[in-house]
Amino acid sequence: MKKIISSIMILFVLLVGCGSNTESNADGTNDETTTLTVWVMGSDDHWKTYHDDLIERFEQENKNIEVEVDYIPWAEGENKLVTAATNNRLPDVTTIAGRWTPQLVAMEAVEPLDSYFDEAFQESFVEGAWNTTQYQGSTWGLPIGFTTTGLFYRTDWLEDAGFNSPPTTWEEFVDVAKAFTAEDRYGFGLVGSNGMETTMFWAPFLWSNGGELLNDDLTEATFNSPEGVEALEFYTDLLLTHKVAPEGSINYGRGDSQDLFVSGAVGMTTVGPWFPKTLAQQAPEMEYSIAPYPVKKESANLGTADHIIMSKQSENKETAWTFMEFFTNEENDMKWAEYQGFIPYHKANLENDPRKDDPEFKVFFDVAPDAVVYPTMPEWPQIDQAIADAIQESLTGTKTPQQALDDAAEKVNLLLAK
């Protein structure tokens, strides 16, 4: 019997030894490799080139970590993430649109990060970008891809129309848009499709008029306030009354507005800091400049950030954090900002980036510290859709701005009451 037990123990030891990837070195360390699974939202070649390089540099610095990366098209991202979270199949780490993060948090699929960093780490990030990662008193990701937006306008058209400066108020904006509008062109590339990009175009006008999307404790819609109704009346009048936007605007997304500006079909659009690179490539002779959004009562600008998050189910959490730290460090923040045309999310980079003195980028840097961000909550995608639907209903004349926003607020309040 003792011989049998002894033989089993020897066999067990041999099997364990054969199954291990560990080889002890002279200094007591080992060469065991940890495989980290990573999803990156975005699948075009430009996107892949940057992230392939980042991962290669990470693996060079961390010889015992191997990264397996999958690139996910943005259009498929939300459904793929939710499905994976439902089935406990998320990767160790994934990049994600900031508006999706709370939804995965509510599914208990995201690892809270507060225990992984100290106060100095948090303080190194731009406040507006960092705030997008906060929900219910915890940190659920690290900011990446921080952007603000500005008003792009044709300087040659402005001069020809007799204006000395870009519009700074709503009234001036309408005057300039009217002056830009002619038989073969329009003043503003308005966005009206019933999707998130329509809310993005309209929200700064709401904030500029002193309105808010929701109340302070995020329990009730406030976008149908008098300030909100006035902001939607203004936005709707651009299309239906002043006729300074193309007739097809109710079907246009942000990309359509940009394309119209590039082609010379509209004289103004609102875009982020990546757009100058596009203009340099596609319309190098264009005369344009960038200004803040026109103001009704107070300056307002949309700030957005993507996130990088850790899966709660990950069995490699310390390794995942090592990757996330590298991904978002000051060096890679600056590399990504320059490569993609984004705004740095580290305070030091925001202050030292030479682009802040470039006329093409100065506006984005000026508004970054005080940029307004969307509410962080799992219901936001549905709220965003309700607002976009209301804007389109107003633009088509199906409902008055008041009716459209009131109906949307009723839907949102029912959602928030659950």
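Read-outs: derived from the displayed coordinates by stated rules, not from any lab. Computed from a prediction, not measured in an experiment: that's the story for all the values here. FYI the Cβ positions are ideal-geometry reconstructions off the backbone, even for glycines, and counts take in every protein chain you see.
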For this session: State, as an integer percentage, the relative contact order of segment 34-95 based on alpha-carbon contacts under 8 Å between residues 6 or more apart.
Result: 56
Exercise. So what's the Cα pair-distance distribution over the chain, bin width 10 Å, in %?
Worked result: 4, 20, 28, 23, 13, 5, 3, 2, 1, 0, 0
Exercise. If one takes the longest principal axis of the Cα atoms in the chain, at what angle in degrees, from 0 to 90 and to the nearest 10, does the Cα axis of helix 74-86 lie?
Worked result: 40
For this session: Rounded to the nearest 10 degrees, what's the angle between the helix 226-240 long axis and the longest principal axis of the chain, both from Cα atoms, 0 to 90?
Result: 70
Problem set entry | Estimated [θ] at 222 nm from DSSP helical runs (n ≥ 4, -39500 (n - 2.57)) normalised by residues in the chain, nearest 500 | -14000 deg cm²/dmol
Seminar exercise, completed: Treating only Lys and Arg (+1) and Asp and Glu (-1) as charged, each at its beta carbon, one finds that segment 327-412 has a dipole about its Cα centre, in Debye to the nearest 20, of 60
Exercise. Taking amide H positions as placed 1.01 Å from N in the peptide plane, with prolines and chain starts having none, which residues 5 or more places from V266, or on another chain, fall under 5 Å of its amide H?
Worked result: Y186, F261
Exercise. For the chain, with the dipole built from +1 on Lys and Arg beta-carbon atoms and -1 on Asp and Glu ones, taken about the Cα centre, which of A106, Q282, F223 lies farthest toward the positive end?
Worked result: A106
Problem set entry | Cα-centred dipole magnitude for the chain, charges only on beta-carbon of K, R (+1) and D, E (-1), debye, nearest 20 | 960
Exercise. Percent antiparallel among DSSP beta bridges with both residues in the chain, to the nearest 5?
Worked result: 65
Seminar exercise, completed: Scoring the chain by relative contact order with C-alpha pairs under 8 Å, at least six apart, yields a percentage of 24
Problem set entry | Proximal lysines relative to K296, as straight alpha-carbon distance under 21 Å, when same-chain residues fewer than 8 apart are discounted | K178, K243
Seminar exercise, completed: If one compares the long axis through the Cα atoms of helix 330-340 with the longest principal axis of the Cα atoms of the chain, the angle in degrees, nearest 10, works out at 50
Exercise. Taking the alpha-carbon set of segment 146-218, what are its Rg and Dmax in Å?
Worked result: 14.9, 48
Seminar exercise, completed: With the charge dipole of the chain built from beta-carbon charges (+1 for Lys and Arg, -1 for Asp and Glu) about the Cα centre, the Cα from F146, A85, T241 projecting farthest to the positive end belongs to A85
Seminar exercise, completed: Dividing the mean separation of Cα pairs under 8 Å (6+ apart) by the residue count of segment 210-317 yields a relative contact order in percent of 13
Seminar exercise, completed: Taking every alpha carbon pair in segment 184-324 and sorting the distances into 5 angstrom bins from 0 up to the bin holding the longest one, the percent per bin comes out as 2, 9, 14, 18, 16, 13, 9, 8, 6, 4, 2, 0
Exercise. Are there trypsin sites (Lys or Arg not before Pro) in segment 47-86 that DSSP marks as loop and that have at most 13 other Cβ atoms within 10 Å, and which are they?
Worked result: K63
Exercise. For the peptides 282-289, 121-128, what is the packing order when you average, over each peptide's residues, the other Cβ atoms within 10 Å and list the highest mean first?
Worked result: 121-128, 282-289
